[in-house]
């Protein structure tokens with residue numbers, strides 16, 4: 001089989017579904033610049049993760065069927081050199097989360113003319129607006145310094161469709177282990193969401209906490 005025939009075969013075996021790749025979560029962030037340049041810069045930032053006190057212990061589990069996202073749970077564990085209280089506050093206070101956003105590429109979303117202000121409070125049932133309005137949702141459960149559960153969605157998802165994002169905090173020596181699970185997102189979004197949590201939550205969160 002020639003190289004061209006092999007490429008054609010792979011393409012026919014894995015057809016692209018209309019709209020499945022152009023509107024995935026966090027791709028608004030990457031579309032600001034070329035994906036290659038973005039990944040290069042994020043790779044450089046990731047190389048310094050150890051210096052920020054962040055250690056990712058487990059990436060999202062692999063699913064043999066890339067389209068079976070309804071049964072797919074993103075599971076990530078992040079070790080942070082900060083107390084549980086500091087981490088909890090950073091993830092539930094709008095001023096702190098706004099500062100975290102500005103340490104990532106999400107700062108460009110906040111600078112857009114039509115961007116919405118960051119809205120986030122530690123009150124169950126309250127709505128939140130993050131990344132200039134790209135991420136929306138409601139706080140479902142908050143146990144101070146222990147757990148945050150959110151109904152979480154990307155603005156372009158179908159109306160009324162929410163996923164569940166769960167942040168659990170456990171003491172780890174002088175720091176915190178953040179155990180994160182995400183499920184219920186639309187089909188085809190698992191890979192981009194998993195990377196988005198790394199790039200736009202955990203890396204800037206660690207950087208922010210290191211500066212406190």
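The values are calculated or read from the model by the stated rules, or taken from the named source; none is laboratory data. On a predicted model such as this, the values are computed, not experimentally measured, just so you know. Positions of Cβ are backbone-derived with ideal geometry, glycine not excepted, and every protein chain shown enters the neighbour counts.
Scan region 71-94 and tell me whether some residue there is closer than 25 Å to residue 190 by Cβ, assigned to a helix (DSSP H, G or I), modelled with pLDDT under 55 and over 16 Å from the mean Cα position of the chain (by Cα).
no
Go through region 180-192 and report how many residues are touching a strand residue (DSSP E or B) at 6+ places or on another chain (Cβ under 6 Å) and either under 19 Å from residue 88 (Cα atoms) or part of a helix (DSSP H, G or I) (or both).
Summing the residues that are touching a strand residue (DSSP E or B) at 6+ places or on another chain (Cβ under 6 Å) and either under 19 Å from residue 88 (Cα atoms) or part of a helix (DSSP H, G or I) (or both) in region 180-192 gives 3.
Whether any residue in region 104-113 is part of a loop (DSSP other than H, G, I, E, B), farther than 20 Å from residue 77 by Cα, in contact (Cβ under 8 Å) with a residue 40 or more places away in the chain and in contact with a helix residue (DSSP H, G or I) (Cβ under 9 Å, 6 or more places away or on another chain) is what I want to check.
yes
Among the residues of region 57-69, are any modelled with pLDDT of 50 or more, surrounded by fewer than 17 Cβ atoms within 10 Å (Cβ to Cβ) and assigned to a loop (DSSP other than H, G, I, E, B)?
no
Take residue 211 and tell me if it is within 18 Å of residue 91 (Cβ to Cβ) and modelled with pLDDT under 95.
Taking the combined requirement at face value, the residue satisfies it.
Among the residues in region 126-143, are any farther than 20 Å from residue 185 by Cα, surrounded by fewer than 19 Cβ atoms within 10 Å (Cβ to Cβ) and touching a helix residue (DSSP H, G or I) at 6+ places or on another chain (Cβ under 8 Å)?
Checked against the condition, which is being farther than 20 Å from residue 185 by Cα, surrounded by fewer than 19 Cβ atoms within 10 Å (Cβ to Cβ) and touching a helix residue (DSSP H, G or I) at 6+ places or on another chain (Cβ under 8 Å), region 126-143 yields no hits at all.
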